[in-house]
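Take a look at the structure set out below.
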Amino acid sequence: MIDFKEVISKAVSEKIDELSKKEVEELIEIPPNYDLGDYALPCFKMAKIFRKAPNLIAEELVELLDENEYFEKVQNVGPYVNFFVNKEILAKSVLEEIFEKKERFGSQDIGKGKNVIVEFSSPNIAKPFHIGHIRTTVIGNALYKIYKFLGFNTIAINHLGDYGTQFGKLIVAYKKWGDREVIESNPIPELLKLYVKFHEEAEENPELEDEARMWFNKLENGNEEAKSIWQWFRDVSLKEFNRVYEMLNIKFDSYAGESFYSDKMPKVIEMMKEKGILTESRGAEIVDLEPYGMPPALIRKSDGSTLYITRDIAAAIYRKEHYDFYKNVYVVGAEQKLHFDQWRKIIELMGFDWAKDCIHVPFGMVSLEEGTMSTRKGKVVFLEDVLKKAIEKTEDIISKKNPNLKDKRKVAEQVGIGAVVFQELSNNRIKDYVFSWDRTLSFDGETGPYVQYTHARASSLLEKADFKITENVDYSILTNEQAVNVLRLLQQFPKVIVNAMEKNEPSIITRHIVDIAQEFNRFYHDCPIIVEDEKVQKARLLLVYAVKTVIKTGLGLLGVEAPEKM
Ligand code: ARG
């Protein structure tokens, strides 16, 4: 695909010895609207070099560049040189590339040979997998796919919360009041009940707390009974979580959670001692972070047990040794910012220069609009219930819109779940937002169903016209405003993906494919596609094909499916 920025910088740097191609490329801007051209080159820097007014430089440059076939017009407005690309060349270059690369359009190998860990989802076992987990789960999955598409060797880790003093409590509660069969039949709510009961009873009888500490200690020291109960909690929980991962079509390469590091911590604490960063404080061991404006980090309690942060330090060191990561990305809520700041500082203080490659990707909170879900099971809203409800509601909508559709249930799954995922990835991740069914499931807002519907519309056009080849396309047919607006967005798609990766922000892709869908629908409205004139039909169909392909790739990167019909 022709990179017009490169064409401009080459042409300009050839005329101006004092500037390299790269320097020119860095100066090029995209004007605020296309009336001012596709690209603009501000001439202030050159004005300094030549000690001339920028307006004059711009005028002279226009004279020098006028004969370039890639541009239909090169013009100066004050100190700017504005470039209007040749639209036929634009159409040919973009569409040929998409036709050739198909669903790989936009993929790159910039990550070749580099390992990126994306840690996401990471729910706590024996606790509900609730609506609050949706963002880490879908943002993480999207980042995983984006890095992969750009050629990184990507590793998805689910850092399960499967360790800590709470499991001592749960073991005590289970031994006292639990029933294996009851738990098997409805694991998470029953385990939650036990946990709540423990706290109620412990109010009356504080000795229970000591008992719980003892059982966690046993667990840390490999006691068989403790281990087997804990392992069972873990297994039944994972079975529950996996149902949701299946619905979302998410796979992990590793479920190494907190417990995985239990035997790796003594060594890590030893290393911290050697570095002289551990201080004793009332029998416990801490790292003083006051010089860095942070509260101290508790590393080991006086009873010898370790903490969440200790396990995170051990995990990072293990991952560096095991995966030699280029980046180690943690998709975890913004409320854990302090934890990750402390953690990274400690890794830095331990002398590891790769601390800078450990990245916390925070996100804001999701709350539910009044009446979104009934909360039969207490106050928690299970993620699984939200997804099921989305499917149900979508099935209703589809049955009305398209009663003859085949595989209605399957499509309802793709669209319903896709709608929820898309909604999660629509907002800038750091923003808090309120979930609403109307906004999520609408077919005409900036929603998943709208984009999927656009894709299905494009698919059926291609099917209807029996679209096949692209030889001898007359690209001059695609130079009208509506077509060019679509083409520009398609052209930007590869850079949009890189931008999303660099900012760890999938919503950049979400918004871009919404834009493509909207511009395409304008084009479709104004420019009939199935027409008598074969030449016209052929060119327009090729654009339809490109839109369908890019939307599908974009949705795929977000973890959303693209049904052919809906
Ligand atoms: N299990 C934790 C929670 O539910 C999230 C874990 C985040 N990852 C980490 N490496 N600390 O809050």
Can you confirm whether the range 252-259 contains a residue that is in contact (Cβ under 8 Å) with a residue 60 or more places away in the chain, surrounded by 15 or more Cβ atoms within 10 Å (Cβ to Cβ), over 21 Å from Ser122 (Cβ atoms) and of a type outside the set (Phe, Trp, Tyr)?
no
Among the residues of the range 513-521, are any of a type in the set (Asp, Glu), at pLDDT 95 or above and more than 28 Å from the chain's Cα centre (by Cα)?
no
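Out of Pro528, Pro563, which single residue is assigned to a loop (DSSP other than H, G, I, E, B), under 26 Å from the mean Cα position of the chain (by Cα) and either closer than 25 Å to Pro403 by Cβ or not hydrophobic (A, V, I, L, M, F, W, C) (or both)?
Going through Pro528, Pro563 in turn, the sole match is Pro563.
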I'd like the residue in the range 481-505 that is closer than 25 Å to Lys431 by Cα and hydrophobic (A, V, I, L, M, F, W, C) and, out of all such residues, is surrounded by the fewest Cβ atoms within 10 Å (Cβ to Cβ).
Val498
Just to be sure before I move on: is Asn521 in the same structural domain as Glu424 (by TED's automatic domain parsing) and either among the aliphatic types (A, V, I, L, M) or out of contact with any Phe, Trp or Tyr (no Cβ under 8 Å at 6 or more places or on another chain) (or both) in the structure I sent?
yes
In the range 531-546, the residues that are in contact with a helix residue (DSSP H, G or I) (Cβ under 9 Å, 6 or more places away or on another chain) and part of a helix (DSSP H, G or I)
Lys535, Val536, Lys538, Ala539, Arg540, Leu541, Leu542, Leu543, Val544, Tyr545, Ala546
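To keep it simple, each residue is scored yes or no on (1) part of a helix (DSSP H, G or I); (2) out of contact with any Phe, Trp or Tyr (no Cβ under 7 Å at 6 or more places or on another chain).
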residue: Glu446; (1), (2): no, yes
residue: Tyr453; (1), (2): yes, no
residue: Ser459; (1), (2): yes, yes
residue: Asp466; (1), (2): no, yes
I'd like to verify a number: residues in the range 35-46 that are under 30 Å from Leu489 (Cα atoms) and either assigned to a loop (DSSP other than H, G, I, E, B) or free of Cβ contacts under 8 Å to residues at least 40 places away in the same chain (or both), how many?
7
For the range 90-130, name all the residues that are under 30 Å from Tyr174 (Cα atoms), in contact with a Gly (Cβ under 8 Å, 6 or more places away or on another chain) and outside any loop (DSSP other than H, G, I, E, B).
Asn124
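Condition check ((1) more than 26 Å from Val486 (Cα to Cα); (2) touching a residue at least 24 places away in the same chain (Cβ under 8 Å); (3) not assigned by TED's automatic domain parsing to the domain that holds Ile469) across all residues:
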{"site": "Lys48", "(1), (2), (3)": "yes, no, yes"}
{"site": "Glu59", "(1), (2), (3)": "yes, no, yes"}
{"site": "Leu65", "(1), (2), (3)": "yes, yes, yes"}
{"site": "Val81", "(1), (2), (3)": "no, yes, yes"}
{"site": "Lys92", "(1), (2), (3)": "no, yes, yes"}
{"site": "Val118", "(1), (2), (3)": "yes, yes, yes"}
{"site": "Ser122", "(1), (2), (3)": "yes, yes, yes"}
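What residue, of Asp303, Asp288, is more than 16 Å from Leu160 (Cβ to Cβ) and at pLDDT below 95?
Asp303
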Regarding Phe467, is this residue out of contact with any Gly (no Cβ under 8 Å at 6 or more places or on another chain), assigned by TED's automatic domain parsing to the domain that holds Ala500, more than 22 Å from Leu90 (Cβ to Cβ) and hydrophobic (A, V, I, L, M, F, W, C)?
no
Restricting attention to the range 353-373, the residues that are farther than 20 Å from Gly276 by Cα, free of Cβ contacts under 8 Å to residues at least 60 places away in the same chain and either within 13 Å of the ligand (Cβ to nearest atom) or assigned to a helix (DSSP H, G or I) (or both) number exactly 4
Could you identify the single residue in Asn485, Asn499, Asn504 that is part of a helix (DSSP H, G or I), within 30 Å of Val331 (Cβ to Cβ) and at pLDDT 95 or above?
Asn499
Being in contact with an Asp or Glu (Cβ under 8 Å, 6 or more places away or on another chain) and surrounded by fewer than 17 Cβ atoms within 10 Å (Cβ to Cβ), is that true of even one residue in the range 223-236?
no
Could we say that Lys145 is in contact with a strand residue (DSSP E or B) (Cβ under 9 Å, 6 or more places away or on another chain), closer than 24 Å to Phe252 by Cβ, away from the ligand (no atom under 16 Å from the Cβ) and not in a helix (DSSP H, G or I) here?
no
Give me a count of the residues in the range 157-178 that are more than 13 Å from the ligand (Cβ to nearest atom) and of a type in the set (A, V, I, L, M).
4
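Taking the conditions exactly as written (at pLDDT 95 or above, surrounded by 18 or more Cβ atoms within 10 Å (Cβ to Cβ) and within 26 Å of the chain's Cα centre (by Cα)), does Gly113 satisfy them or not? Reasoning before the result, please.
Numbers: at pLDDT 95 or above: yes; surrounded by 18 or more Cβ atoms within 10 Å (Cβ to Cβ): no; within 26 Å of the chain's Cα centre (by Cα): yes.
In short, no.
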Of all residues in the range 116-133 being over 12 Å from the mean Cα position of the chain (by Cα) and aliphatic (A, V, I, L, M), which is farthest from the ligand (Cβ to nearest atom)?
Val116
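The values are calculated or read from the model by the stated rules, or taken from the named source; none is laboratory data. Values in this document were obtained by computation on a predicted structure and should not be read as measured data. Cβ atoms come from the backbone with ideal geometry, glycine included; neighbour counts cover every protein chain shown.
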